[in-house]
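Here's the structure we're looking at; comments come further down.
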There are 2 protein chains.
Amino acid sequence: MNIRRWVRPEVLAMAGYQPGEQPDGARPLIKLNTNENPYDAPPAVLQALTEVDCSRLRLYPEPSSRPVREAAAAAYGLRPEQILVGNGSDDLLTILMRTFVAPGATVCVPEPTYSLYHSLCQLQGGHFVGIPWHDGWQLPLSALLAQQAALLILARPNAPSGHVVPLQQVAALCQQSPGIVVLDEAYVDFADDNGLALLHTEENLVIIRTFSKSMALAGLRIGLAFASPALIEQMHKVRDSYNVNRLSQLAAVAALGNLAAYQPSLQAIRQQRQRLSSALRQRGFQVPDSQANFVLATVPPGPRSGADWLATLRQEGILVRYFGSDPALRQQLRITIGTPEEMQQLLAAIDRLLA
Amino acid sequence: MNIRRWVRPEVLAMAGYQPGEQPDGARPLIKLNTNENPYDAPPAVLQALTEVDCSRLRLYPEPSSRPVREAAAAAYGLRPEQILVGNGSDDLLTILMRTFVAPGATVCVPEPTYSLYHSLCQLQGGHFVGIPWHDGWQLPLSALLAQQAALLILARPNAPSGHVVPLQQVAALCQQSPGIVVLDEAYVDFADDNGLALLHTEENLVIIRTFSKSMALAGLRIGLAFASPALIEQMHKVRDSYNVNRLSQLAAVAALGNLAAYQPSLQAIRQQRQRLSSALRQRGFQVPDSQANFVLATVPPGPRSGADWLATLRQEGILVRYFGSDPALRQQLRITIGTPEEMQQLLAAIDRLLA
């Protein structure tokens, strides 16, 4: 069977994005590999799901997720027509590519960053350009702008580094880019500030958010895009008609109505991030300051490579993330911030391995 | 703000697919416009949702919906690697376009049919060709094949007509088409037969199913694609990494394990379809034999146009679907089969309007 005559060459050529391992629960593992929240969503949010009227499940959901857009508008000081809801922020990234990237158009990012951007650009037949971060994770502003990209994507906080670019530089990117600038704020609830205010002045800016990290609802697939109504209107044409299911819409509204109830878990994660960063540095790891719910740790000099650390930690029952296919990340582990107990078990395992 | 410099011309040019009205429930309406099931899913299916472990919702779902693929394989006599799960069958149609349709490649369908095929082809930058059905909804086989399409889509039962093409003609399409043939079986559980057996012999065939009609789970967004493992493997690269959320995966597994419990509602819908078709014909409507959960009724000759019927039925509190932007469907209403009570109310309203 020769499938080459049927499948688009871009698809044939690609490996496909590889998400982090999702263990089946058969063996207890400490899961620090896909940046989920170690704490459940607040009771009021989960309660909303148990109160669902099952007789509504035979009906399609509200096509544009209007209740979610209204709740998000109230929560973030925007108007509903500035908001598009996605089946996770992956859906929104796909919509962005399909709305703004013509075949051969350039998508530009500072690298390393979330590798899905590259996969989605390939799928769309776009021209992908990754510009290396300057030393110390400084933004390569002029090199990014020189590409005159149709779509320029900046994750802030960045993955897998956790660092943040100053907001003035984001504004400069928007003002000097001829194309659309996407600010991926998947991890912004763990950071000190966010880019929402830029929406007032930057008409080529799209901000995306996810409910999979700070909101502890990765299992429900909810993302938000914020932009001018004119851009959102075009993106609506590209999304699937009923892209967000009824239960996820319900949970999203509940989460947006209970943002304050999330504060204790956000605070705990920030505190653990600080403690873990210090503890890792004491053990010889290099750890840049992170404003996300993970840290990027360069392993200590020694016989054990990054890949070795990944494997030996897994033997200890601890999953972390390793991006060794990127030469810039061969000696790094990305470690999700978990509960205090999980962090202690991680450090105990590291101490055993270093002994 | 001039968005033309940013948005792909294909997107700018299109109106976007318009789904049927989803009323907000403020006014009681008899909803016969989007082919939902009038009966709830069996108790065992809804029960599965109430038993969800909410502490898992903070975790991503199984990326490839493996439990659903295994349950579907058991239910339909396939292997899990022949199955891809979508966020509704709309997601699967999008994946099909993005996997198999290069810019400028031809997508061919007999028309009228589900208008989303056209919208998705436009989005992908494909070349769309609709070939009119021959009189009496006969398949224009040679004209379809003459297009040498990359993707040829046949809805069976067709929407909005409800008729079915003989399976031998589907096999002929597959055998003589140089491209992929998609058999959209969204409504097949209401029909007398299906195309599953063709998967054994036709390597360019993709069958898609939805849980939004017969399975009464439109609110949860679940679809299935069946094809050879080689084609499914390529389609996996194109779907979003976590395209089906945890709760929908759970409900899908429960539904697939309870197919027999759906039989009474399927039987009731078939019976009501027969009764409504006869009753409408007695009142001067033309109604082709339908094997779906809807009928396409040509309104009786008289002063009242199809658009008038739509509007007056709405005044009577009854929503039906009207596709008047298609010249071939100006005098037709597509009416979803509801409960016996809903059908009686519809006929009573029609009698009032004809009196």
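The values are calculated or read from the model by the stated rules, or taken from the named source; none is laboratory data. Bear in mind the structure is a predicted one, so any value in this text is a computation, not a measurement. Every residue, glycine as well, gets a Cβ built from its backbone with ideal geometry; the counts of neighbours run over all protein chains shown. Keep in mind that these areas ignore ligands, DNA and RNA; they rest on the heavy atoms of the full protein, side chains included. Shrake-Rupley method; radii C 1.70, N 1.55, O 1.52, S 1.80 Å.
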> R0 = 35 Å: FRET efficiency of A:GLN344 with A:ASP53, Cβ-based, nearest 0.05?
Replying inline: 0.20
> Arranged from highest to lowest average of other beta-carbon atoms within 10 Å per residue, in what order do the peptides B:252-261, B:298-307, B:266-275 appear?
Replying inline: B:252-261, B:266-275, B:298-307
> Can you give the convex hull volume per residue for the Cα atoms of segment B:53-260, as a whole number of Å³?
Replying inline: 113
> What FRET efficiency would be calculated for the residue pair B:ALA143, A:GLU233, taking the C-beta separation as r and a Förster radius of 41 Å, to the nearest 0.05?
Replying inline: 0.65
>> What are the membrane-span-like helices in chain B by this rule: whole DSSP H runs, Cα extent along the axis at least 20 Å, mean Kyte-Doolittle hydropathy at least -0.5?
In response: B:340-354
> Can you run phi through the Karplus equation (6.51, -1.76, 1.60; θ = phi - 60°) for segment A:153-158 and list ³J(HN,Hα) in whole Hz, with x for Gly and Pro?
Replying inline: 10, 10, 8, 9, x, 7
> Using the eigenvalues of the Cα gyration tensor, what equivalent ellipsoid semi-axes result for the protein assembly as shown when each is taken as the square root of five times the eigenvalue, whole Å, largest first?
Replying inline: 46, 26, 25
> Where in segment A:1-55 are there GluC sites (Glu not before Pro) that are in a DSSP coil and have at most 14 other Cβ atoms within 10 angstrom of their Cβ?
Replying inline: A:GLU21, A:GLU51
> Pick from A:THR210, A:THR50, A:THR336: which is most flexible by mean-square fluctuation in a GNM of chain A where alpha carbon atoms under 10 Å apart are linked?
Replying inline: A:THR50
> What gaps in nm, shortest first, separate B:ASP308 from its twins in the other copies when you place the label 7 Å past Cα toward the beta carbon?
Replying inline: 8.6
> What residues does segment B:89-121 have that are buried by at least 30 Å² of accessible area in the full protein assembly compared to the chain on its own, 1.4 angstrom probe?
Replying inline: B:ASP90, B:THR94, B:ARG98, B:THR99, B:PHE100, B:PRO103
> Rounded to a whole number, what % of the accessible area of segment B:53-260 do carbon and sulfur atoms account for, probe 1.4 Å?
Replying inline: 49
> Label-to-label distances across copies for B:GLN286, with labels 7 Å out along Cα→Cβ, in nm, shortest first?
Replying inline: 7.8
> Per residue of chain B, what 222 nm ellipticity follows from adding -39500 (n - 2.57) for every DSSP H run with n ≥ 4, rounded to the nearest 500?
Replying inline: -10500 deg cm²/dmol
>> I'd like the trypsin sites (Lys or Arg not before Pro) in segment A:198-258 restricted to DSSP loop residues with at most 14 other Cβ atoms within 10 Å, sorted by number.
In response: none
>> Buried accessible area between B and A (1.4 Å probe, both chains summed, ligands and nucleic acids excluded), in Å² to the nearest 100?
In response: 6500
> Can you list, shortest first in nanometers, how far A:PRO166 lies from the same residue in the other copies, with each label 7 Å from Cα toward Cβ?
Replying inline: 7.6
> Shielding of B:11-21 by partners, i.e. mean partner chain Cβ atoms within 10 Å per residue?
Replying inline: 4
> How many partner chain Cβ atoms sit within 10 Å of a residue's Cβ in peptide A:210-222, on average, as a whole number?
Replying inline: 5
> For segment B:218-311, which semi-axes, largest first and in whole Å, follow from the square roots of 5 times the eigenvalues of its Cα gyration tensor?
Replying inline: 38, 19, 14
> Can you tell me the accessible area per residue over chain B, all protein chains present, probe 1.4 angstrom, in square angstrom?
Replying inline: 36
> Hey, in the GNM for chain B with a 10 angstrom Cα cutoff, which one of B:ARG66, B:ARG27, B:ARG334 fluctuates hardest?
Replying inline: B:ARG27
